[in-house]
Structures are given as C-alpha cells and as structure tokens.
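Participant: Shown below is the structure under consideration.
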Amino acid sequence: MRKVFLGLCLIILLPLIGMGFGTLVPRPIAFSADADDPGSEAAGKTRILVLSNPIHTDIALPATAEVLKALSFVSDAGLELDYPGVQWIILGWGSRSFYIETPTWGELKAGPVINALTWDRSVMHVQRSGDIPLDQDLVQSVNLEKADFRRLLDEIRLSFQSTDGSSPQAILGAAYGKHDIFFPANGGFNALIGCNTWTARMLRIAGVTTGLWTPLPVTLRWSLELHNSL
C-alpha cells in the first residue's frame with residue numbers, strides 16, 4: 001500500500017512540478033531587446049489580446065485591413081469578417097472533438113474529453129467580436145512591433161490546414177452560432193501539446209517571452225506577467 005500511495009503522490013506531484021518549472025523558466029531564455037516589454041504603449045505598435053477562460057486561451061487580433069486581408073479565406077468560407085461592429089477577430093487552436101462537440105459545459109461528454117487528453121485532430125476556431133473591455137481579469141493586452149505582428153499573423157495563417165496551397169476550407173456545419181466558424185488545423189492535439197501551448201508558441205514567434213511549458217491558461221497568464229512588462 002505504501003508503494004501505491006507513493007506512486008499516486010508522484011503522479012499528482014510531477015505534473016504540478018513540471019507546470020511550476022515551466023512557468024518560472026522563460027522561453028526563450030535569451031532575452032531580446034524588445035521581448036521584455038511587449039506591453040509598452042510606444043507609437044506604431046499593434047495591440048493584440050490574450051483571452052483566457054478556465055481551460056482555454058485565444059488570441060484576439062484587431063479587425064484592421066491587414067488582418068482582414070490575411071484572413072480573407074474566412075470571409076470566403078462564409079463568416080464575413082468585414083462585418084458591422086466587428087472590432088476583433090478571435091482565433092484559437094484546439095481538439096477537434098472537444099472544441100466542436102462542447103459548445104457549453106452542459107454538453108460535456110466523456111468521448112471528447114478522452115480524445116483531448118490522449119490524441120485528437122486539431123481545429124482552428126475563428127470568431128468575430130465587438131468591443132472587448134481591456135480591464136477584465138482574463139484579458140491581457142500585448143503591444144507588438146509591426147514586424148513582430150506580421151510574423152504572428154503569418155504563423156497563425158499557417159496553423160490552418162490547406163491542400164496543395166489552396167485556401168483553407170471550413171468544416172461544414174461546425175459553429176456555435178452566426179459569429180464563428182471552424183477549420184481543420186495543422187498538428188495533433190493532446191493534454192501536453194494543447195491550446196495554451198499553441199497560444200504561447202504564437203506569442204514567442206511575435207517576440208514575447210512565455211514560460212517554458214504552459215499547458216494551462218493560468219500558467220500562461222502568470223508567465224506573461226512574470227517575464228514581460230504587461
């Protein structure tokens with residue numbers, strides 16, 4: 001029984017230690033001149049938002065002409081982004097079965113949860129949004145240099161799956177309502193390589209320092225506050 005107890009303790013403690021280590025250790029470890037101050041209000045920078053809920057993070061991009069052009073395939077697929085009142089385009093990467101089949105907590109089912117914890121195909125979720133109050137606890141504002149923002153936009157675009165250079169095709173019938181849409185994405189999903197590690201990777205490509213491994217929204221949020229001037 002003692003060995004079983006110790007084994008259970010290790011199963012519980014090792015992920016916690018890993019998340020703590022992954023939050024405290026910066027990635028990249030070598031800081032660049034711009035990476036330590038993504039929250040500054042310097043002129044010419046582009047503001048993006050990191051949106052969190054208890055299990056998931058999204059990136060919100062301003063609905064500028066540059067963003068609408070880069071994501072024009074979304075409008076072509078049926079979700080018009082140049083839409084009255086739209087101020088932000090929200091993008092997230094996640095488990096196909098869990099993301100699509102669980103629009104609310106009340107619709108949570110065992111199958112999608114098991115897929116998300118083990119291995120699943122991935123999807124990109126795109127939402128159009130109006131004003132997002134910046135003073136909400138689960139909204140983090142990050143200001144990027146123009147070149148960093150373009151790299152972020154290009155990398156997000158590459159997260160969408162396409163065939164032979166063609167435009168990404170939406171998943172028919174997959175949406176929570178009239179303001180969102182789903183697309184097949186590149187890469188496989190599991191609990192270790194999930195939506196929040198995707199968000200962190202996108203931010204690092206844009207010159208922002210994150211924790212070494214941030215599988216939960218709270219660990220990503222803490223790491224951004226710890227390693228950057230937000």
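Participant: List the residues whose amide H sits under 5 Å from the amide H of residue 138, counting only those 5 or more places along or on another chain, with H placed 1.01 Å from N in the peptide plane.
Facilitator: So residue 138 has HN proximity to no qualifying residue.
Participant: Could you give me the ³J(HN,Hα) list for the stretch 174-179, computed from phi with Karplus coefficients 6.51, -1.76, 1.60 and θ = phi - 60°, whole Hz, x at Gly and Pro?
Facilitator: These are the phi-based 3J(HN,Hα) values: 9, 6, 8, x, 8, 10 Hz.
Participant: Arranged from highest to lowest average of other beta-carbon atoms within 10 Å per residue, in what order do the peptides 124-136, 85-97 appear?
Facilitator: So the peptides 124-136, 85-97, ranked by packing, come out 85-97, 124-136.
Participant: Obtain the nm distance between the two label points defined at residue 139 and residue 212 by a simple spin-label model: each point lies 7 Å from its Cα along the Cα-to-C-beta direction.
Facilitator: 3.4 nm
Participant: Report, in whole Å, the centroid distance computed from the Cα atoms of the stretch 120-135 and the stretch 139-180.
Facilitator: 10 Å
Participant: Please go through the residue pairs 45/69; 69/178; 146/178 and name each one whose alpha carbons sit more than 29 Å apart in this structure.
Facilitator: Cα-Cα > 29 Å for 146/178; rest within.
Participant: Still on this model: Using θ = phi - 60° and the Karplus form 6.51 cos²θ - 1.76 cosθ + 1.60, what ³J(HN,Hα) does each residue of the stretch 104-118 get, whole Hz, x for Gly and Pro?
Facilitator: Karplus values, whole Hz, x for Gly and Pro: 9, 4, x, 9, 5, 10, 5, x, x, 5, 4, 4, 5, 7, 9.
Participant: Please give the length that would be gained between residue 157 and residue 131 if that part of the chain were fully extended, namely 0.36 nm times their separation in residues minus their C-alpha to C-alpha distance (nm, one decimal).
Facilitator: Values: separation 26, 0.36 × 26 = 9.36 nm, distance 2.32 nm.
Stretched fully, the residue 157-residue 131 segment lengthens by 7.0 nm.
Participant: List every residue whose amide H lies under 5 Å from the amide H of residue 132, counting only residues 5 or more places away in sequence or on a different chain, with H placed 1.01 Å from N in the peptide plane.
Facilitator: Those qualifying (amide H under 5 Å, at least 5 residues apart or on another chain) number zero.
Read-outs throughout are calculated quantities, based only on the coordinates presented, and are distinct from any laboratory measurement. This one's a predicted model, so the numbers in the text were calculated from it and none came from an experiment. Every residue, glycine among them, receives a Cβ derived from its backbone with ideal geometry; neighbour counts consider all protein chains shown.
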